Amino acid sequence: MSRYHYPPGYSFFGTYQRALKVVKSPLETMMESVDRFGESYSVADGFSGRMILTQDPEFIDYVLRRNHRNYNKSRMVTQKLGRFIGNGLLTSNGAYWLRQRRLIQPGFHPQKIKDLYVIMQATIDRFLEQFPAGDHVDIYPLMNRLAFDVVVNTLFDIDLPADTIAELSRFISEIQEFVITDIRQPYNSWWFEVSGRVAAVQRKAERVREILRGVVRERKASGRRYNDLLDMLLDARYEDTGEGMTEEQILDEIVILFIAGHETTGNSLAWTLYLLATHRDELETLREETLDLSTSDTVAHPRLQAVINESMRLYPPAWVSDRVSIEDDSFNGFTYPAGTIIALFYYGLHRSAKYWEEPLSFRPERFLRQKENTRIFFPFGGGPRLCIGNNFAMAEMALFLRSFIRKFELQPTDTTPRIRPLVTLRPEGIYLGVHPHGRGKS
């Protein structure tokens with residue numbers, strides 16, 4: 001009998017019956033499990049171990065912040081994703097991760113992000129000039145493209161060929177799809193190897209690195225200065241040696257910025273437009289309150305922040321993450337060994353009636369008192385590994401929303417969008433009516 005006291009959960013055979021449901025409907029299956037066992041439950045992990053899944057905010061905070069030194073990211077991220085995108089901030093652990101974080105963090109200080117507002121706004125303005133109006137506009141691909149354009153322009157501040165941009169964007173989408181399939185179907189991992197699927201994705205990954213390598217080398221050779229994130233990465237120096245990153249390290253971090261700064265923001269913007277379209281009072285209130293704002297005031301505007309946060313509460317872009325314990329640990333009566341994976345289920349927490357009044361309702365005003373919600377709200381993770389680009393993403397989304405609702409009117413359609421939980425919470429089928437707004441036609 002195990003000397004550890006895990007949360008209640010599924011037996012070995014129950015776990016594998018559940019796994020078939022997880023492949024088809026992970027969100028629903030995890031919510032059903034919480035209803036059945038409580039906020040923390042366990043499943044079999046191999047023949048002898050167990051994995052813990054939790055939406056308990058205190059447990060999440062314990063893992064991410066209070067005892068973070070005892071937790072690394074699991075091999076599902078570091079190996080299954082890392083073999084395609086490299087050893088950057090998202091996929092590294094331990095001393096190497098800490099060294100990289102300290103090196104790159106200053107480049108994402110709010111004051112540094114301010115220097116990128118001009119590029120963000122110019123990208124948004126160009127995008128909105130060509131935004132398609134109509135009664136049935138497919139919103140997600142447009143938001144995905146905007147977020148990608150913003151990442152490309154703030155990273156490089158140069159014109160890349162359209163086919164190159166398209167290739168980079170496709171790779172990000174394809175890698176997500178494959179990695180999630182590999183994680184959810186571990187019994188097929190051997191087949192993905194022998195059938196050549198892994199090798200095919202790796203070839204695409206190397207092709208992307210070659211494209212980015214060319215950009216980096218051209219920048220170095222030019223001797224010109226740009227006010228972009230690439231210059232920040234090239235200029236960054238380690239405190240202990242005074243040296244910069246190698247070319248491979250820079251490529252690792254660029255790919256991470258594409259992954260983390262593209263899909264998540266595109267998802268959030270798509271869901272936010274959907275929620276505003278289906279809540280006319282909130283749309284009109286937001287429009288009235290943001291008519292004559294400066295760029296800095298837009299980024300810091302309380303209602304814009306509240307609308308974005310409420311959207312990310314209902315549809316958190318990173319809906320789940322995981323950590324693995326380095327040493328034996330315990331929490332709230334549960335005990336578990338080193339090597340235990342803890343899955344942190346933000347989506348379930350954000351929709352829990354235990355912590356949120358009318359949890360399925362879109363009520364941005366709850367975030368006008370944001371301090372009350374910080375311990376139960378994890379849109380960017382938490383603790384030392386809080387997403388490094390959180391200020392960047394919030395600024396981008398605020399600038400876009402203000403510009404969009406000044407220029408366009410939104411109407412809902414009879415189409416109900418679907419949630420596709422990959423690495424991020426991707427929307428499908430957000431079709432909205434989009435027409436020029438009276439005050440935005442000029």
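Taken together, the values in this text are just the output of simple stated rules run on the coordinates, not laboratory data. Just so you know, these numbers come straight off a predicted model, no measurement behind them. Ideal geometry is used to build each Cβ from the backbone, glycine not excepted, and the neighbour counts take in all protein chains shown.
Could you point to the residue in Ser74, Ala44, Pro384 farthest towards the positive end of the chain's charge dipole, with +1 and -1 charges on the Cβ of Lys/Arg and Asp/Glu respectively?
After comparing all options, I get Ala44.
I want to verify a result. In a Gaussian network model of the chain, Cα cutoff 10 Å, which of these has the top mean-square fluctuation: Gln111, Gln305, Gln79?
Comparing Gln111, Gln305, Gln79 in a Gaussian network model of the chain, the most mobile one is Gln111.
Using only alpha carbon pairs under 8 Å that are at least six residues apart, calculate the relative contact order of the range 55-440 and give it in whole percent.
On the way: 512 pairs, mean separation 105.7, N = 386.
Reported relative contact order: 27 percent.
Show me the helices of the chain, taken as full DSSP H stretches, that run 20 Å or more along their long axis by Cα and average 1.0 or above in Kyte-Doolittle hydropathy.
Values: long enough: 139-156 (26 Å, 1.07); 162-184 (34 Å, 0.29); 197-222 (38 Å, -0.69); 247-277 (45 Å, 0.63); 390-407 (26 Å, 0.31).
Taking the DSSP H segments of the chain (at least 20 Å long, mean hydropathy at least 1.0), we get 139-156.
Explain nothing, just the number: relative contact order of the range 215-344, from Cα pairs under 8 Å at least 6 residues apart, as a whole percent.
Details: 78 pairs, mean separation 19.3, N = 130.
That works out to 15 percent.
For the range 135-260, just the Cα atoms, rotate onto the principal axes and tell me the three extents in Å, largest first.
On the principal axes, the range 135-260 reaches 48, 48, 24 Å in Cα extent.
Between Ser11 and Ser222, what is the label-to-label distance in nm when each label sits 7 Å out along the Cα-to-Cβ direction?
It works out to 6.4 nm between the two label points.
Separation between the His136 and Ser296 pseudo-spin-labels, each 7 Å from Cα along Cα→Cβ, expressed in nm?
About 4.7 nm separates the two model spin labels.
With springs only between Cα atoms under 10 Å, which of Gly389, Gly429, Gly88 fluctuates most in a Gaussian network model of the chain?
Gly429
Between (i) 1.05; (ii) 1.15; (iii) 0.99, which entry matches Cα Rg over 2.2 N^0.38 Å as derived from the coordinates of this structure?
(iii)
For the chain, what is the percent of antiparallel DSSP beta bridges, rounded to the nearest 5? Write down the numbers at each step before the final one.
On the way: 28 of 33 bridges.
Restricted to the chain, the bridges split so that about 85 percent are antiparallel.
Considering only Cα-Cα distances, which of the following residue pairs are longer than 30 Å: Lys112/Lys407; Lys114/Lys204; Lys112/Lys354; Lys114/Lys354; Lys21/Lys354?
On the way: Lys112/Lys407 28 Å; Lys114/Lys204 34 Å; Lys112/Lys354 39 Å; Lys114/Lys354 38 Å; Lys21/Lys354 26 Å.
As for pairs spanning more than 30 Å Cα to Cα, those are Lys114/Lys204; Lys112/Lys354; Lys114/Lys354.
Which residue fluctuates most in the GNM of the chain (Cα springs below 10 Å): Ser311, Ser352, Ser11?
Ser11
By average Cβ neighbour count within 10 Å, what is the ranking of 278-286, 323-331, 355-363 from highest down?
323-331, 278-286, 355-363
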